[in-house]
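The values are calculated or read from the model by the stated rules, or taken from the named source; none is laboratory data. The structure displayed is predicted, hence computed values, not measured ones. Here the Cβ is made from the backbone with ideal geometry for all residues, glycine too, and neighbour counts use every protein chain on show.
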Amino acid sequence: MLRRLLISLEMMRPHNMLAGSLCVVAGFYVAGGRDNDLFLVPWILTALVTGMGNVINDYFDVEIDRVNKPRRPLPSGRLSARSAVRFYALATAALTVTIIATQSARVSIVLVAWEILLFTYAARIKRVPVLGNLVVASVTSSAFWFGSMLAGSPAASAMPVAIAFMFVMSREVIKSAEDVDGDAPSGVGTIAVVVGEERARSIAAVIMLVLAILIPVPAIVGHYEPGYFWLMEGLVVPSLIVSSLIVIRNPCRRTFNRASWILKAGMFFGIVGIALARW
C-alpha cells in the first residue's frame with residue numbers, strides 16, 4: 001500500500017505541484033497582498049489540483065509514454081492503469097468536496113474549472129492541433145491571476161500572466177519537438193507535429209528571445225522593484241538565451257530535454273522574481 005501511494009505521488013509530480021502553487025503566491029504578492037492567511041489554503045489546493053491533473057494525463061498518455069517517457073510509473077509497469085484511475089477518481093472527488101465545502105464561491109469556481117479543464121485536456125484537447133499547448137500555457141499562467149484575485153487586485157497580474165504564458169509556451173514547443181516520435185503516431189496535435197520539428201525549434205527560439213527582451217521592461221520603466229530586475233537579468237534571461245541557442249545549434253532529443261530542464265529552472269527563479277516585483 002505504501003509503495004503504491006509513493007508511486008502515485010510520483011505521478012503527481014511534486015515539482016510541478018510546487019511550481020503551480022508558487023505562481024499563486026507570486027501573483028498574490030505582486031498584487032500587494034500581505035495577509036498570508038488569504039492564500040494558504042488555496043495555495044495547497046492549487047498544488048493538489050495540479051497533481052491530479054498530472055495523474056489523469058499519465059493515464060491517458062500511457063501508450064505515448066511507452067515511447068516518450070518509458071520510465072514513468074504506468075509504461076514501466078510499476079503501477080497499473082486501473083490503480084491510477086481509481087486513485088485519481090477517489091482523490092479528485094475528495095478534493096472537489098473539500099474545495100466546495102471550505103472555499104468561497106469565486107475560489108471554488110476557479111479550482112473546479114481547473115480540474116475540469118485539466119481532465120478535458122488529457123482526454124481530448126491535446127489531440128486538437130496546437131490547442132493543447134495553448135491550454136497548458138493558459139492554465140499555468142492563470143495561477144498568477146488567481147493569486148492576484150485572492151489579494152483583491154486581479155489586474156495586477158497582467159504582466160506576470162503574459163510573461164508566464166510566453167515562458168510556458170516556449171517550453172511546450174520544445175517538449176513537443178522532444179516528444180514528436182511518440183505524439184505523431186498517437187494523433188496528438190502538438191506544434192511540432194503540426195508544423196514540423198524544424199519550424200517548432202525556430203518558433204521556440206523566437207518566443208524565448210522576445211521574452212528575454214521584454215522581461216526587464218517593467219523594472220526599467222519603474223513599475224517593478226530592482227530585486228525583480230536583478231534576479232530576472234541574472235538568472236531567468238540567461239536561461240532563455242542559453243535554451244534558445246541549444247535548440248537551434250544542436251537539434252536532437254537529448255538537447256531538447258536539456259533545454260526543457262534549463263527553462264524549468266528558469267521558471268522557478270522567474271516566479272521568485274515576480275514575487276519580489278513589488279517588495
All helices (runs of 4 or more DSSP H) inside segment 170-279 with 3 or more residues being in contact (Cβ under 8 Å) with a residue 24 or more places away in the chain and in contact with a helix residue (DSSP H, G or I) (Cβ under 8 Å, 6 or more places away or on another chain): 180-183, 197-214, 226-231, 237-249, 253-275
Scan of segment 137-152 for residues that are part of a helix (DSSP H, G or I) and more than 16 Å from the chain's Cα centre (by Cα), ordered by number: Ser148, Met149, Leu150
Matching residues, segment 19-38, being under 19 Å from Ile99 (Cβ atoms) and under 19 Å from the mean Cα position of the chain (by Cα): Gly20, Ser21, Cys23, Val24, Val25, Gly27, Phe28
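Results for (1) modelled with pLDDT under 90; (2) surrounded by fewer than 21 Cβ atoms within 10 Å (Cβ to Cβ); (3) under 30 Å from Thr120 (Cβ atoms), shown as yes or no for each residue.
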| site | (1), (2), (3) |
| --- | --- |
| Ala184 | yes, yes, yes |
| Val193 | yes, no, yes |
| Glu198 | yes, yes, no |
| Ile203 | no, yes, yes |
| Ile220 | no, yes, no |
| Tyr224 | no, no, no |
| Ser239 | no, no, no |
Search result, residues across segment 101-114 that are under 20 Å from Ala151 (Cα atoms), more than 21 Å from the chain's Cα centre (by Cα) and either touching a residue at least 60 places away in the same chain (Cβ under 8 Å) or part of a helix (DSSP H, G or I) (or both): Thr102, Gln103, Ala105, Arg106
In segment 172-192, the residues that are of a type in the set (Val, Ile, Thr) and within 21 Å of Leu263 (Cα to Cα): Val173, Ile174, Val180, Thr190, Ile191
Residue among Arg71, Arg3, Arg86 that is under 22 Å from Trp261 (Cα atoms) and not β-branched (Val, Ile, Thr): Arg71
Residue match in segment 153-166 (condition: closer than 20 Å to Asp61 by Cα, in contact (Cβ under 8 Å) with a residue 24 or more places away in the chain and more than 10 Å from the chain's Cα centre (by Cα)): no
Answer residue from segment 85-98, given it is of a type in the set (A, V, I, L, M, F, W, C) and more than 21 Å from the chain's Cα centre (by Cα) and is nearest to Leu6 (Cα to Cα) among those: Phe87
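Quick grid of which residues meet (1) within 28 Å of Gly132 (Cβ to Cβ); (2) not hydrophobic (A, V, I, L, M, F, W, C):
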residue: Ala162; (1), (2): yes, no
residue: Val173; (1), (2): yes, no
residue: Ser176; (1), (2): yes, yes
residue: Ile213; (1), (2): yes, no
residue: Met232; (1), (2): no, no
Flag for Phe119 being surrounded by fewer than 22 Cβ atoms within 10 Å (Cβ to Cβ) and of a type in the set (Phe, Trp, Tyr): yes
Candidates Pro42, Pro73 - the one that is more than 15 Å from Leu150 (Cα to Cα) and in contact (Cβ under 8 Å) with a residue 40 or more places away in the chain: Pro73
Of residues in segment 5-42 being in a loop (DSSP other than H, G, I, E, B) and charged (D, E, K, R), the one surrounded by the most Cβ atoms within 10 Å (Cβ to Cβ): Arg13
